[in-house]
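Only one structure is covered here, and it is reproduced in the block below.
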Amino acid sequence: MNWFNFFDTKITELRHPFGRGINASLSPNEEELFNKSYESFEKHEILDAYEFFLKTLENFTNQISNKNITIIRDDEKLEFEIFQGSARVTGVVTKESLYAQVVMIKTKEATVALKRYILERNYQLTYANYSSDGEFIKLKLYHDNITASPQKIFFPLREIALNADFDKEYLKSEFKDIRLEDSSHIVKLEDDELKIKYEFLHKWIDELEAKILTLPTNDNAGMQAFLYLHLLFKIDYLLIIKCDVYQKMSKKIRIYFSDENLSTEYKNEELRKYVEKLKNMDFKEFSKKFYSAKYTFNPMEKVSHEEISNFIDESFIKIRWYKNNRYNQIIPTIYRYIPFYILYNYGLNPIVKRLLHTLVKIQNPTFFKALGYSVLYDKDKKIFAKKAIKARINDTIVPHQARYKELKPFGDKLNFSSLNEFSNSYLLQLKHLNFEEI
């Protein structure tokens, strides 16, 4: 092991996307741009207002724009592009209106079943709608600018971008022979990265299967549930498999948590069958499920910190139950399950999201090392890179203390005696973060 890298306290910027949210930073003057947009709408300076607003959506990596938003403007109109995964939203703003669209497929390729799906989607959408211009089926948005404001244009643009991205992936997974239009912005992942992800998928499945064999023969449904769900959340956050695999995996997770009429044993068996399918996927097929693209909107709705805190409390209750009943073998899995669950289900404050990512990195050192990141925890020697961990916490929290007066770094309050104790103390500190604004 390179001990210099292990104890390096320099903050390493992310070079890979993780999870379904935005893995980037907004403009440092995002709030100022938003306020300027609001003021311009009030003065009915429409093109200025839209330009300021669209710039609030631009995101950056290492202070360099990701070009997820492009703007071209003259005296009479403003043209823009918004990138959201598989979808490219193009739009035109005049003083009177906003028009935006995403080109989906050629009209002549649409089957009866596909047309039925699109009609059903129109009933589910609030601002956008599907229609055909004869040549292409498009998802379209029209908005009158008479009473426009940043809030009133944010939600329509978010809806068209997120739903176009979702539907493009859905159409490709359900209608295999169809060719999606306007996809030249999608970039294939390098084979080296794909091979790492493929190897870890199988490594994790093998570890899960071995772990299940160690569980008690009776009353183990709850423990199996944690093992299977932890695996799926981990695949989603760390590997970011897309296309039909993501569609089916998210459906399995949704059914697991929503259908109360099914027993835990039945749900576990369904997850087991799905994991078996993932295991049997060859590398060629696996490689087709990935691409790199730019993102503008987070798909998860934002939640209060209180909701995150409540979930951590509920999870700690379960850990205590398993500990009191001497089912200690499942406890490490639950500690890893908690951050993945939160990252999968909730739209997070960027501070909380980055802190959770640091915890995930500590809990999954071999994966991050394989991708070329510095190690924060030596799994074999059970040694933490304490200085590096504290530096990352400070780097995440200190820049925001001017806004949140009670937000304090907590590196000195962590328990480094074991990975379980560390995870417990880290989540406890995360739970008690204070986001009261000045």
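Points to keep in mind about this one:
- Pairs where the first residue, in the range 328-352, is closer than 12 Å to Leu229 by Cα and assigned to a strand (DSSP E or B) and the second is open to solvent by 10 Å² or more (accessible area, probe 1.4 Å) and basic (Lys, Arg), C-beta under 8 Å, 6+ apart: none
- As a summary of the residue check, Thr358 satisfies the conditions (1) within 25 Å of Ser25 (Cα to Cα); (2) of a type in the set (S, T, N, Q); (3) over 22 Å from the mean Cα position of the chain (by Cα) except for the one numbered (3).
- Scan of the range 265-297 for residues that are assigned to a loop (DSSP other than H, G, I, E, B) and open to solvent by 60 Å² or more (accessible area, probe 1.4 Å), ordered by number: Asn280, Asp282, Lys288, Lys294
- The residue of the range 175-198 that is surrounded by the most Cβ atoms within 10 Å (Cβ to Cβ), among those that are in contact (Cβ under 8 Å) with a residue 60 or more places away in the chain and under 30 Å from Glu269 (Cα atoms), is Lys197.
- Of the residues making up the range 35-63, those that are of a type outside the set (Ser, Thr, Tyr) and under 16 Å from Phe297 (Cα atoms) are Phe53, Leu54, Lys55, Leu57, Glu58, Asn59, Phe60.
- Selected residue [among the polar types (S, T, N, Q), under 19 Å from Pro299 (Cα atoms), touching a Pro at 6+ places or on another chain (Cβ under 6 Å) and modelled with pLDDT under 95] from Asn66, Asn23: Asn23
- Which listed residue is modelled with pLDDT of 90 or more, within 26 Å of Val360 (Cα to Cα), over 23 Å from the mean Cα position of the chain (by Cα) and basic (Lys, Arg), from Lys211, Lys195: Lys211
- Test set (1) under 29 Å from Leu26 (Cβ atoms); (2) touching a residue at least 60 places away in the same chain (Cβ under 8 Å); (3) not in a helix (DSSP H, G or I) - Glu406 fails condition number: (2)
- Filtered by the rule that a residue be of a type outside the set (S, T, N, Q) and over 15 Å from His230 (Cα atoms), the range 256-268 gives Asp259, Glu260, Leu262, Glu265, Tyr266.
- Residue within the range 42-64 that is without any contact (Cβ under 8 Å) to a residue 40 or more places away in the chain, under 18 Å from Ala164 (Cα atoms), out of contact with any helix residue (DSSP H, G or I) (no Cβ under 8 Å at 6 or more places or on another chain) and open to solvent by 50 Å² or more (accessible area, probe 1.4 Å) present: no
- The range 376-392 - residue that is within 25 Å of the chain's Cα centre (by Cα) and charged (D, E, K, R) and, of those, surrounded by the most Cβ atoms within 10 Å (Cβ to Cβ): Arg392
- The residue of the range 1-20 that is surrounded by the fewest Cβ atoms within 10 Å (Cβ to Cβ), among those that are at pLDDT below 80 and among the hydrophobic types (A, V, I, L, M, F, W, C), is Phe4.
- Criterion: assigned to a helix (DSSP H, G or I), among the acidic types (Asp, Glu) and under 23 Å from the mean Cα position of the chain (by Cα) - qualifying residue of Asp395, Asp412: Asp395
- Residue selected from the range 65-82 under the condition aliphatic (A, V, I, L, M) and without any contact (Cβ under 8 Å) to a residue 60 or more places away in the chain, by the criterion most open to solvent (accessible area, probe 1.4 Å): Ile72
- Qualifying position, being free of Cβ contacts under 8 Å to residues at least 12 places away in the same chain and either within 23 Å of Ala225 (Cβ to Cβ) or of a type in the set (D, E, K, R) (or both), among Lys318, Lys369: Lys369
- Residue check, Ile212 out of contact with any His (no Cβ under 8 Å at 6 or more places or on another chain), of a type in the set (Val, Ile, Thr) and either over 27 Å from Lys176 (Cβ atoms) or without any contact (Cβ under 8 Å) to a residue 40 or more places away in the chain (or both): yes
- Of the set (1) over 23 Å from His185 (Cβ atoms); (2) under 20 Å from the mean Cα position of the chain (by Cα); (3) touching a residue at least 60 places away in the same chain (Cβ under 8 Å), all apply to Lys279 but (2).
- Residue that is farthest from Asp177 (Cα to Cα) [pool: residues in the range 83-96 that are hydroxyl-bearing (Ser, Thr, Tyr) and open to solvent by 20 Å² or more (accessible area, probe 1.4 Å)]: Thr94
- Candidate set: the range 13-57, residues that are part of a helix (DSSP H, G or I) and polar (S, T, N, Q); chosen: the one farthest from Glu193 (Cα to Cα): Ser40
The values are calculated or read from the model by the stated rules, or taken from the named source; none is laboratory data. Quick caveat, the model's predicted, so the values are computed rather than measured. FYI the Cβ positions are ideal-geometry reconstructions off the backbone, even for glycines, and counts take in every protein chain you see. To get the accessible areas, we keep the full protein, side chains included, count just its heavy atoms, and leave off ligands, DNA and RNA. Shrake-Rupley method; radii C 1.70, N 1.55, O 1.52, S 1.80 Å.
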